[in-house]
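See below for the structure under consideration.
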Amino acid sequence: MKSSLFLLSCAMLSPIINANELPPILDFYPLCTPKTIDTANDKIVYDIDPGLLESSNDGVLSHRDVYVQQALVEIQRKAAAAGADAVIVDRLTVGGIDRSIDLQDDSSRVKSNTQQIHVITTVQYVNLCDDTRLSSDPTPYNSKGKAVSYTQTTVKLTMPNEGNVLKQAQKHQAPDALITTDSAYGIHIGDSVDDLLPALGPHSIQLQLDNGATVFGYGRSLWFVIKDSRVAMITQNLGLLNGHGQNQIALSENYDSDNWVIANQVHQGDELSSVKAHLALKKQGDVYSVAGKNSRLLLTFEDYNESLDNAAISRLNSFAIMPLTVTDEHHVKLGNFDDIDIATLLTLTSKQAYTLQSQQLINQIQLTDSGPKVLVNSNVLLGFDRQGVVNSIKITESMLGKQTVSEFNAVLASYNLPTIKSELLARYPNAEDNFDNIMLTKGVVMLSINFDSYDDDAQLIDLTLRF
């Protein structure tokens, strides 16, 4: 469709429809009531182009418009095949799935990743009258797949950049990724937390430990342990979050690129023999260390079988910088959330508003596409607004450690949640069945539930409720 056919600012237009072009999607209803030759309901599922995700730190829905436009072109082609002059979009729902399955049970379920956009539409294929002029009455969805309310919200409710921590983190100029026996990224053991935050920018996650320390995470695998307001340890492998937990954090180009260097020579992935040529390594159990004056650099290597014919090669995998003697084990100290009735909220009947207290905000994932989240326990994240009022709940497989399917199902049962798709559809009969996902919109409430397959007895993987 040529953009000159329909101008949003005009109430009376006379588009000329070329038979060689696809039938246009109308932004405004025709003055003369058209004849509907067919009404079509459709669902189109797109697997996200990995190249788009690699070039962006945002979630799958940030690429909504790209795939909506593809879906609209498909609709226009079907309309052309049906002999229609034009298309009116009555309904357009876009859902995104971005998940990694890592539930372990006796069958050793294999991990899988799903990153998709679902475009669900109801459209009219219409034939126009001889008078093809348009009225000033807008159609439910325009030729860009936007509702009038959506467009107005986009224009009028822009959030200030300083309020978006994710954007601040992406724009922050990170220090050089230089590693020594007592420092990383320019931060030394013993430096104040007041030195850390301005130098590295907004942290991706903060956690409270049961030994009184606090942890600031940058990206998905750079951790600074703070005790008595000073940096006590810097490490790439603190072991607090599992892989699924780390995936709750938005990717950071500043700290997830693995471009660190030791002594201007050693990089991640270097062979053990090469590292030994540049550093005075001393083996300590499963790791190697390089001693400094008051601290030490620990290096972890991993064996890789790069050929069936040759022996495994040990390559540098991660580093840690810590005092000469460290005995503390690290465990997350979770807050008390007994004042929040999650099971009642999930019934979609509760009008109770919950405001998080300061002690409940300690364990917080800062960098997510939809704003910060607090950890309630290993399986639950709460979203909140700038006043601390809870506005979302996410229930997912364990983020802090291993968990079997039966253990996860026990968590779901504690919140009075069914565990399989057919039972959840019975619980929410008005939900939209999108095969391995169901979605329900009820006023300002949006519920999305993902499953591990399309089957009726598919296992619940994660649930997100926004309100």
Does the stretch 445-456 include one or more residues that are surrounded by fewer than 18 Cβ atoms within 10 Å (Cβ to Cβ), on the phi < 0 side of the Ramachandran plot and of a type in the set (Asp, Glu)? yes
Just the residues that are under 17 Å from ASN247 (Cβ atoms), of a type in the set (Gly, Ala, Ser) and in contact with a Leu (Cβ under 7 Å, 6 or more places away or on another chain), please, taken from the stretch 368-395. SER378
Please count how many residues of the stretch 175-190 are touching a Phe, Trp or Tyr at 6+ places or on another chain (Cβ under 9 Å) and open to solvent by 30 Å² or more (accessible area, probe 1.4 Å). 3
Which of (1) surrounded by 15 or more Cβ atoms within 10 Å (Cβ to Cβ); (2) modelled with pLDDT of 90 or more; (3) out of contact with any Leu (no Cβ under 6 Å at 6 or more places or on another chain) does ASP341 not meet, given it meets every other one? (1)
When the stretch 245-275 is examined, which residues are found to be touching a strand residue (DSSP E or B) at 6+ places or on another chain (Cβ under 8 Å), in contact (Cβ under 8 Å) with a residue 12 or more places away in the chain, in a helix (DSSP H, G or I) and surrounded by fewer than 21 Cβ atoms within 10 Å (Cβ to Cβ)? LEU272
Within the stretch 345-378, how many residues are within 19 Å of ALA413 (Cβ to Cβ) and at pLDDT 90 or above? 3
Complete set of residues in the stretch 169-193 that are over 21 Å from LEU297 (Cβ atoms) and under 29 Å from the mean Cα position of the chain (by Cα): ALA169, GLN170, LYS171, HIS172, GLN173, VAL193
Exclusive hit being open to solvent by 70 Å² or more (accessible area, probe 1.4 Å), at pLDDT below 85 and farther than 29 Å from LYS78 by Cα, set SER107, SER112, SER149, SER100: SER107
Just to check your reading of the model, which residue among VAL390, VAL374 is in contact with a helix residue (DSSP H, G or I) (Cβ under 7 Å, 6 or more places away or on another chain), surrounded by 15 or more Cβ atoms within 10 Å (Cβ to Cβ) and assigned to a strand (DSSP E or B)? VAL374
Mind listing just one residue for me: the one in the stretch 311-331 that is open to solvent by 80 Å² or more (accessible area, probe 1.4 Å) and not hydrophobic (A, V, I, L, M, F, W, C) and, of those, nearest to the chain's Cα centre (by Cα)? HIS331
Among the listed residues LEU308, LEU279, LEU334, identify the single one that is open to solvent by less than 30 Å² (accessible area, probe 1.4 Å) and either of a type outside the set (Val, Ile, Thr) or modelled with pLDDT of 95 or more (or both). LEU279
Among the listed residues ALA413, ALA426, ALA431, which satisfies the condition of being free of Cβ contacts under 8 Å to residues at least 12 places away in the same chain, closer than 30 Å to THR121 by Cα and not basic (Lys, Arg)? ALA426
Of the conditions (1) at pLDDT below 95; (2) buried (at least 21 other Cβ atoms within 10 Å of the Cβ); (3) part of a strand (DSSP E or B), the single one that LEU440 does not satisfy is (2)
Which one of these is more than 24 Å from GLN352 (Cβ to Cβ), in contact with an Asp or Glu (Cβ under 9 Å, 6 or more places away or on another chain) and not in a helix (DSSP H, G or I): SER406, SER398? SER398
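Which of the residues belonging to the stretch 291-330 are farther than 19 Å from ILE234 by Cβ and assigned to a loop (DSSP other than H, G, I, E, B)?
ASN305, GLU306, SER307, LEU308, ASP309, ASN310, ALA311, ALA312
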Tell me yes or no: at least one residue of the stretch 418-425 is acidic (Asp, Glu), surrounded by fewer than 19 Cβ atoms within 10 Å (Cβ to Cβ), out of contact with any Pro (no Cβ under 9 Å at 6 or more places or on another chain) and farther than 30 Å from PHE216 by Cβ. yes
Boolean, ILE25 is farther than 30 Å from GLY243 by Cα, modelled with pLDDT of 90 or more and touching a helix residue (DSSP H, G or I) at 6+ places or on another chain (Cβ under 7 Å): yes
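The values are calculated or read from the model by the stated rules, or taken from the named source; none is laboratory data. Only a predicted model underlies this, so the values are computations on that prediction, with no experimental measurement involved. When we count neighbours, we look across all protein chains shown, and the Cβ atoms used for this are built from the backbone with ideal geometry, even at glycine. The protein model used for the area step is the full one, side chains on, heavy atoms only, and it has no ligands, DNA or RNA in it. Shrake-Rupley method; radii C 1.70, N 1.55, O 1.52, S 1.80 Å.
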